[in-house]
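The values are calculated or read from the model by the stated rules, or taken from the named source; none is laboratory data. Note that the structure is a prediction, hence the values are computed from the model and not measured. Cβ coordinates were reconstructed from backbone atoms using ideal geometry, including for glycine residues, and neighbour counts include every protein chain displayed. Only protein heavy atoms, including side chains, enter the accessible area calculation; ligands, DNA and RNA are left aside. Shrake-Rupley method; radii C 1.70, N 1.55, O 1.52, S 1.80 Å.
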Amino acid sequence: MKTTRTIQSKTDPLTSLGPRLSSKVIKFVEGARTVTRGELEANNITRYGVTRFYREQIINSDYYDQLKFIVEPSFKEFDNNGNLDTSGEHDNTVVPGFQHKYSQTGLLLATDRCASYCRYCFRKRIVGKDSDEIAADLGQIAQYIERHPEITNVLVSGGDPFVLSTSRLHEILDHLLPFPHLKSIRFGTKALAYAPKRFEDPTLVTLFKRIHDAGKTALIVTHFDHFGEISADAERNICLLRAQGVQFLNQSVLLAKVNDDPAILAETFARCHQIGVRPYYLFQGRPVKGASHFQVPLRRGLEITRGINQRLSGIQKTFKYIMSHYTGKIEILDVGADGHVYMRYHQNKAQEKIGKIFSRRYLEGACWLDDLPA
């Protein structure tokens, strides 16, 4: 596939005049660029920040017509509703670079960068930043964890922790492994889809062995949103790491035009099970500026969830349909005959709320808890 690139160079005097009609200034990995509507239409898949591996993987697959929407830039993304920055999660950031949104889980934001230019990712704002690191004080984070023995696991995320060097990841472990109440260290990553060869680094085996030797579980949370993203390289590296004792979970985001089809998601989850990756969340997309056109109405999401379960065998039904709200992770259960959406807290800071069923009146087309009347 021929990809045209007509972005003006930095020496072009026209760039100093600011955006022209039908153009936008968009921050890419290389920095801010003035991009015309014509460029976005001409480039079926963007070259900015998408790995060559992933670009070739989806172009050569039979699923390009769906997967292109994940990485394809569009002016539509910048005109729709939603929040530009959701990292604060209201008051859930307890020290810089660390969120304590759920009682048992701490989220360590280890990096500003990602291996991809994912058009959905709720941290899509990070693409184009110059720094590799979030200004996090690992010592301060360690002190917070020590004072909160209810934290049994830490998810290292951000961005994507595997864009960092293995030595930097070891430094993060230096601050996490001493605490006996931490039972597992998780790494959230899309890199197994975008850059699976990163996991062929032999020094990663040492990293995961450190976690195991400290009496904790090493766990990788993959982000396969479509079975077309699961390459032979990803499968091979997952199998090799599983042989070293690393456990795998998968979370998929429900994306309009990409995977809002029970057959696609059922095959994705079945394929994950085949390679030893347990699907555990199907995420309802949150309203983030630049991505809310990917949202799927809650009623449709429930229909898709039922369709997935109809297609899977019993042992494969390991996922929950989840909405990650600032108040906690909420499992979406059903729309009742009374016209209410029934939900329950899957995770929450308040232990007494976990598992409690509650409801709100459903409004047709609603995609989010805050779309529903309280």
Residues that are at pLDDT below 95, surrounded by 19 or more Cβ atoms within 10 Å (Cβ to Cβ) and in a helix (DSSP H, G or I), drawn from segment 142-168: P161, F162, V163
Unmet criterion (only one of (1) part of a strand (DSSP E or B); (2) open to solvent by 70 Å² or more (accessible area, probe 1.4 Å); (3) basic (K, R)) for R306: (1)
Qualifying position, being open to solvent by less than 30 Å² (accessible area, probe 1.4 Å) and modelled with pLDDT under 65, among I26, I58: I26
Residue in segment 267-283 that is open to solvent by 40 Å² or more (accessible area, probe 1.4 Å) and either in contact with a Pro (Cβ under 6 Å, 6 or more places away or on another chain) or modelled with pLDDT under 95 (or both) present: no
Residues located in segment 343-364, provided they are more than 24 Å from E150 (Cβ to Cβ) and open to solvent by less than 40 Å² (accessible area, probe 1.4 Å): Y362
Tabulated pairs, segment 162-190, first within 14 Å of A136 (Cβ to Cβ), second surrounded by fewer than 13 Cβ atoms within 10 Å (Cβ to Cβ), C-beta under 9 angstrom, 6+ apart or interchain: H175/G139
Some residue of segment 254-261 being aliphatic (A, V, I, L, M), outside any loop (DSSP other than H, G, I, E, B) and open to solvent by 20 Å² or more (accessible area, probe 1.4 Å): no
Residue identified as out of contact with any strand residue (DSSP E or B) (no Cβ under 8 Å at 6 or more places or on another chain) and either farther than 14 Å from L169 by Cβ or open to solvent by 10 Å² or more (accessible area, probe 1.4 Å) (or both) among F248, F227: F227
